[in-house]
1. How much net charge surrounds A:Ala165 when only the other residues with a Cβ under 11 Å from the Cβ of A:Ala165 are counted, with Lys and Arg +1 and Asp and Glu -1?
2. Among A:204-214, A:309-319, A:145-155, how do they line up by average Cβ neighbours within 10 Å per residue, starting with the highest?
3. Give me the net charge for the shell around A:Ile89: Cβ to Cβ below 14 angstrom, other residues only, Lys and Arg +1, Asp and Glu -1.
4. Considering the dipole of the protein assembly as shown built from charges on the beta carbon (Lys and Arg +1, Asp and Glu -1) around the Cα centre, which of A:Ser47, A:Thr370, A:Ala88 is farthest to its positive end?
5. Enter the buried accessible area of the B/A pair, total of both sides, probe 1.4 Å, in Å² rounded to the nearest 100.
6. Which is farthest toward the positive dipole end of chain A among A:Ser191, A:Val322, A:Phe442, measuring Cα position about the Cα centre, with Cβ charges +1 (Lys, Arg) and -1 (Asp, Glu)?
7. What accessible area per residue comes out for the protein assembly as shown, rounded to a whole number of Å², with a 1.4 Å probe?
8. With +1 on each Lys and Arg Cβ and -1 on each Asp and Glu Cβ, and nothing else charged, work out how big the dipole of segment A:191-332 is about its Cα centre, in Debye to the nearest 20.
Amino acid sequence: MKPSALPDGLPPLGPARRLPAPSVARSVLPNGLTVWVVRRPGLPLASVRLVARGGRAADPAGRPGTADLLAAALKEGTRSHSGRELAAILQGAGAELSTAAGAEAVVLEAQGPAAKVRIVVDSLAEALSAPSLPPDGVARVRALALEELATDETDPEFLAARAFARAVYGPHPYSVVAPARTTIEGITPESLHVDARALLRPERTLLVVAGDVDPDFLLTRVERRLAEWRPSGSPPPAAPQPAESPGFRRLLVVDRPGSVQAVLVVGRLGVSRSDPEAFPLALATTVYGGSFTSRLVDNLRSEKGYTYSPHASSSWLPSRGVVRTRLAVRNEVVAAALNEVFYEMDRMGATDVCEEELDRARRRDLGLSTLRLETLRGLSAELADVWLHGLSPEDLTAYARALPRLGAVAVRAASRRWLASARALVVAVGDGRLLREELAPFGTVEDAPSL
Amino acid sequence: MNPFQGGLWYDGTTLFLTKLAYRRGVSYEAVLSALDDEVRRVAQEGVPEAELARARTKVVSSYLCALESRLERSLEVAQATSFDGIPDAVNALPSRVEAVTSEDLARAAAGWLRAEQRAVVVKVPPARRPGGPA
């Protein structure tokens, strides 16, 4: 079944619009803290984000997931306020603190009315620069993290993501997708204070404020409030580059006895945002499996009915992201579905994408880039990402600007390199005995290493 | 120690939904009873002005944040038109929230959040299999 054609007589699409880069006021404080402020009038709101470089990439040796636990513990209070008091202060400013660790950063974020932005900036700065990490708070973080891990481990999608990251990144810290049980059990207020001093440092931190705010006022305010924040101890060592993916196919099984369907993740080590092939690969991924009108969805969902939502993505991380396809399929069609995934991956490198299909993908990616910058929270998150890559705010819209020039030749070349099924890693989570049979036609099947 | 993680949703005029994840080893009866205590407290005592002021600010702020996305904004306008008959009602919500009093909250809690009108679903994780994921 082919997707239905559009009705006759529709007017043609208008020309694609430009996506202007936001204008960012930039400053670096004497203590090394970087400040970026974007004025965007409209709704009377402001988003505040503090980004401390490090994250899981800087986890101490043997304690994977420390950054996640530290991020959670930052909500538990400061030297001047308890966690409850901090939450109440922020609520009074119309905001709520969210904290998280990513591959490259510990991030604090809150958004509220622009008139109260001063309070939000002060509270986030206090949470990051003077955490109290109290014993009862750390005990709470530990208990909740253990519960979350137990819940996550019942989820085949989590098991697949964890096994895939471990196999792709090996000893590189990006191999961690969640804190290990031993890390959770081992944290104490004392250990977290040591981690906080190493990871949360002004010279490794970016403050982004986006919204209906006055950049001059904010920069002055921040200078006054944060100038006293001094680093102590030494920063964590830089993470090494991950090892290149092997030049052959690997098939790994995570046994989940009795499962009635299987989760498959297919892919390899990918690129950073500044890799010359990042943009052609992004467009290739959209054509292949990144959007609802992609080849993967047409084939596996619309034509064959093997799965509802196969999806492909190409992530950008400073020491290389991943290219991956994920799908959940019925047990009986694991081999049939994987066969089609490989076919669509290899077709991208074997034949040119026609101009009509390319243009649809370009418009879709331009639209998505626009949507990502539509909200203040989205804008501040994207700015944080370019900063973590060591790029400037203008790079925020670099992909959107490059799109009109990305043609079939570049897309095919990137696909040959990054989407070749012969060099793909396959992680399958489900009933082990059945999976070993279904995967046998594609190569040697191994058990995923146990944790 | 607070065993709760979760949040509250007000879903149109039909559902008031509370979702809570609680620690293993805590009984759901204990969780429900703690929730009942909080509802009873609001119904009997209302909410102190300082707490109410913070909550008003947060509700208005979250509402404005939701209007940022064009898709969300169009949904809010659609909802305002269906419930209030005029799209402009989207602009009136902040002042309506600012006007809410402690007595209003006590009345709403006593009138709507009644144990005999609710359904409770408790979902527990499957038993761990020997040799399966820990």
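The values are calculated or read from the model by the stated rules, or taken from the named source; none is laboratory data. Keep in mind the model is a prediction, meaning the values are calculated, not measured. Heads up, the Cβs are rebuilt from the backbone with ideal geometry, glycines too, and the neighbour counts pull from every protein chain shown. The area values use the complete protein model at the heavy-atom level, side chains included, leaving out ligands, DNA and RNA. Shrake-Rupley method; radii C 1.70, N 1.55, O 1.52, S 1.80 Å.
1. Once all neighbours under 11 Å are counted, the net charge is +4.
2. Details: A:204-214: 23.8, A:309-319: 19.9, A:145-155: 16.6.
Sorting A:204-214, A:309-319, A:145-155 by mean packing, highest first, produces A:204-214, A:309-319, A:145-155.
3. Working: positive: A:Lys75, A:Arg84, A:Lys116, A:Arg118, B:Arg54, B:Lys58; negative: A:Glu85, A:Glu96, A:Asp122, A:Glu126, B:Glu51.
Overall, the nearby charge balance is +1.
4. The listed residue farthest towards the positive side: A:Thr370.
5. Details: alone 10660 and 20420 Å², together 28910 Å².
Answer for the B-A pair: about 2200 Å² buried.
6. About the Cα centre, the residue reaching furthest to the positive side is A:Val322.
7. Spelled out: the 1.4 Å probe surface of the protein assembly as shown, per residue, equals 49 Å².
8. Around 440 debye, computed over segment A:191-332.
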